[in-house]
Amino acid sequence: MSRRLHTACLGCWLTCLLVQADGGFLPPKDYLGADLKEPSQRAILVHRDRRESLLLFVDYEGEAKEFAWIIPTPTKPKVKVSDRALFKEIASYFHLRQIVALREAGKGGVGGGMGGGRAGGMGGEGSPDEDQVIVHAHKLIGRYEIAVLTAEGEDALLSWLAEHEYRVTKGAEGILSQYIREGWYFVVAKIRTDTPARQSLRPLRLDFTTKEPVYPLRISALNAGLTDIRLYALRETWQTDRPVKEDPYGDTFHLRQDFRRSCPALARAFPHFRWNGMTLSRIRTLLPPQVMAQSD
């Protein structure tokens with residue numbers, strides 16, 4: 001079902017990470033403004049014991065005061081809002097590990113590792129045979145109206161979005177249909193904004209089961225323009241391609257005992273998590289839509 005991303009600019013580590021999208025924006029049917037853009041994707045991916053938490057910190061740029069943010073997941077997710085402080089913490093911790101590695105390399109030392117159905121709104125209950133879309137969850141969180149759904153046919157999700165007054169382009173149809181055929185779930189977040197301009201959306205956290213870490217990318221091709229991608233991934237050491245060594249110029253490091261102290265907000269977000277035996281990897285790249293559309 002899943003394919004691997006071989007885009008060279010994402011580096012060797014990304015060839016181990018199944019890539020399927022962070023999310024795509026859809027405008028209302030009557031929207032006549034410029035194309036919606038996602039100029040920046042920032043994310044934290046935590047994977048352990050066949051469970052993943054995907055924390056998304058993205059920017060929106062466009063003239064639409066209302067739009068849909070669509071995020072696919074391979075299994076049914078639990079969705080809640082997150083805290084922007086988490087991304088600042090993990091980015092600072094990563095840079096600190098680089099500095100420490102550089103100092104230790106200069107001393108010649110060896111470091112400790114781096115390295116269901118139709119809705120009146122978006123919810124509702126219904127017959128999957130009649131509607132072909134099952135809404136598994138529906139809730140309001142601040143400015144977000146969130147629905148978690150699956151489609152029982154390739155045209156079902158497209159029809160559901162059209163019924164809810166969102167414009168689905170021909171290119172979007174092909175991308176969404178691929179996810180539908182693969183049996184993925186969709187988180188559809190309806191967002192209203194008073195300031196249609198570039199802004200950082202309130203972060204979302206999606207928790208779901210998956211054997212391998214997943215960072216979906218295909219659906220981001222729905223957005224126009226280049227996207228700056230910054231992903232910090234925390235995963236078990238055995239999931240890496242090769243043993244992780246201290247490398248001051250590398251992008252993967254072992255977590256050290258100071259992790260909880262250095263990242264208190266992240267530690268609070270995962271109060272029962274065991275951080276020992278984990279690695280932290282960073283992926284940073286700039287991709288156009290045509291590359292993301294072929295990146296699974």
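Key figures
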{"quantity": "Test: residue in segment 134-152 that is over 29 Å from L201 (Cβ atoms), modelled with pLDDT under 90 and open to solvent by 40 Å² or more (accessible area, probe 1.4 Å)", "calculated": "yes"}
{"quantity": "Complete set of residues in segment 256-275 that are assigned to a helix (DSSP H, G or I) and open to solvent by 40 Å² or more (accessible area, probe 1.4 Å)", "calculated": "R260, R261, S262, P264, R268"}
{"quantity": "Number of the exception - G24 against (1) closer than 22 Å to Y179 by Cα; (2) modelled with pLDDT of 80 or more", "calculated": "(2)"}
{"quantity": "Tally, over segment 58-76, of residues that are open to solvent by 10 Å² or more (accessible area, probe 1.4 Å) and farther than 19 Å from P27 by Cβ", "calculated": "3"}
{"quantity": "Index of the failed condition, L17 passing every other in (1) touching a helix residue (DSSP H, G or I) at 6+ places or on another chain (Cβ under 7 Å); (2) open to solvent by less than 20 Å² (accessible area, probe 1.4 Å); (3) modelled with pLDDT under 50", "calculated": "(1)"}
{"quantity": "D258 over 26 Å from L204 (Cβ atoms), at pLDDT 85 or above and either under 23 Å from the mean Cα position of the chain (by Cα) or not small (G, A, S) (or both)", "calculated": "yes"}
{"quantity": "Hey, A162 touching a strand residue (DSSP E or B) at 6+ places or on another chain (Cβ under 9 Å), open to solvent by 30 Å² or more (accessible area, probe 1.4 Å), among the small types (G, A, S) and under 21 Å from Y144 (Cα atoms) or not", "calculated": "no"}
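The values are calculated or read from the model by the stated rules, or taken from the named source; none is laboratory data. Remember, it's a predicted structure, so these values are computed and weren't measured experimentally. Please note: Cβ atoms are built from the backbone with ideal geometry, for glycine as well, and neighbour counts cover all protein chains shown. Calculation scope for accessible area: heavy atoms of the full protein, side chains included, ligands and nucleic acids excluded. Shrake-Rupley method; radii C 1.70, N 1.55, O 1.52, S 1.80 Å.
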